[in-house]
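Report on the structure given below.
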Amino acid sequence: MKKKIRAMYFSGTGTTAKVAAGAAYRMWQELDKTEHKTGVSGATDDKIDYVKEENINFTPPEAREKKYTFDMDDIVVFATPVIAGRVPNVLLKFLNTLEGGGAMAVPLVVYGNRNFDDALIELRNILEERGFHTVAAAAFIGEHSFSKILAAGRPDIEDMKTVERFAKLAAEKILSAVREADGDNERLEAALKAAGPVKVDGQEPLRGYYQPRDRKGNHINILKVKPKLNKEKCDGCGICVSLCPMGSISEEEPGLVKGICIKCCACVKKCPREALYFDDPGYLYHKEELEAQYMERKEPSLFL
């Protein structure tokens, strides 16, 4: 029997990709080591071949035009960033095309040190509705997309140690379930259904999207705010065109954001000439308030 493991993620600036890929690789190492290395306690004669498959990055717009189908021989570490305390709403249409086929899934979310609110429970529910069995979950912290100082450099070394520890525990849980089923996928699916979705923090029904407010409680609407371009700095390299997950920057006019902007800030943070910037007063106020209120280090939340 063969079990295939991979990460699948949306990641504008690379923080979510780092966590998801790290977790999937470490889970594969643990499963492969336990089943295939000689002298490992608990190894069975009837070994399962755990194969590390190529990760799926659905950040580029064209990747979300494809159909992704899985089955009970798949194990998927599935990760998204948190935007306004929820799964990014621009991904919902795509997520509803997934076909889980009884695959095991490990939902992960990455947030910018404020709070993941209902994002993890939302992602878990989506995966369950699409036919996955969620067996473990976690919320990790990444450098906030708006800021260079809020959770700066995260996920850092300590975060990645936690990723490894979580992955090991998740792999052990999966291995236990697979062994208990004794290689029978029908028994495995029955056991996973009986166990139910992994329990995570969050509320149901889901709360609304987080809304930034000023100190008087007035809503600050930044939905339509887009970065601006300093044309004197821009050399037309086109990096921002390739990075934009919404495909909102055209090749003909690099740096000019014409379509929807989810404020992942990939174009701002990755521009080698720092030619893109935000100057909207509401956006800047919100960024500064986040930096003032949430500088204390948050730690990952693990659910097993």
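The values are calculated or read from the model by the stated rules, or taken from the named source; none is laboratory data. Nothing here was measured: the structure is a model prediction, and the numbers come from that model. As a convention, Cβ positions derive from the backbone with ideal geometry for all residues, glycine included, and neighbour counts pool all protein chains shown. These area figures cover heavy atoms from the full protein model, side chains too; ligands, DNA and RNA do not enter into them. Shrake-Rupley method; radii C 1.70, N 1.55, O 1.52, S 1.80 Å.
Here is a yes/no grid of residues against (1) at pLDDT below 95; (2) farther than 26 Å from N115 by Cβ; (3) outside any loop (DSSP other than H, G, I, E, B); (4) open to solvent by less than 50 Å² (accessible area, probe 1.4 Å):
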position	(1), (2), (3), (4)
A21	no, no, yes, yes
Q29	no, yes, yes, no
D32	yes, yes, yes, yes
T38	yes, yes, no, no
E54	no, yes, no, no
T59	no, no, no, yes
V77	no, no, yes, yes
> Among the residues of segment 214-232, is any under 19 Å from S11 (Cα atoms) and open to solvent by less than 30 Å² (accessible area, probe 1.4 Å)?
Replying inline: yes
> Looking at segment 95-103, is at least one residue open to solvent by 40 Å² or more (accessible area, probe 1.4 Å), of a type in the set (S, T, Y), over 24 Å from H144 (Cβ atoms) and modelled with pLDDT under 95?
Replying inline: no
> Are any of the residues in segment 146-161 crowded, with 21+ Cβ neighbours inside 10 Å, assigned to a helix (DSSP H, G or I), among the hydrophobic types (A, V, I, L, M, F, W, C) and in contact with a Lys or Arg (Cβ under 6 Å, 6 or more places away or on another chain)?
Replying inline: no
> Out of the residues in segment 61-75 that are within 27 Å of L302 (Cβ to Cβ) and among the aliphatic types (A, V, I, L, M), which is surrounded by the most Cβ atoms within 10 Å (Cβ to Cβ)?
Replying inline: I75
>> Checking the structure you have, find out if any residue of segment 193-202 is in contact with a Gly (Cβ under 8 Å, 6 or more places away or on another chain), aliphatic (A, V, I, L, M) and touching a residue at least 12 places away in the same chain (Cβ under 8 Å).
In response: no
>> Which numbered condition in (1) in a strand (DSSP E or B); (2) open to solvent by 30 Å² or more (accessible area, probe 1.4 Å); (3) hydrophobic (A, V, I, L, M, F, W, C) is the only one that V90 fails?
In response: (1)
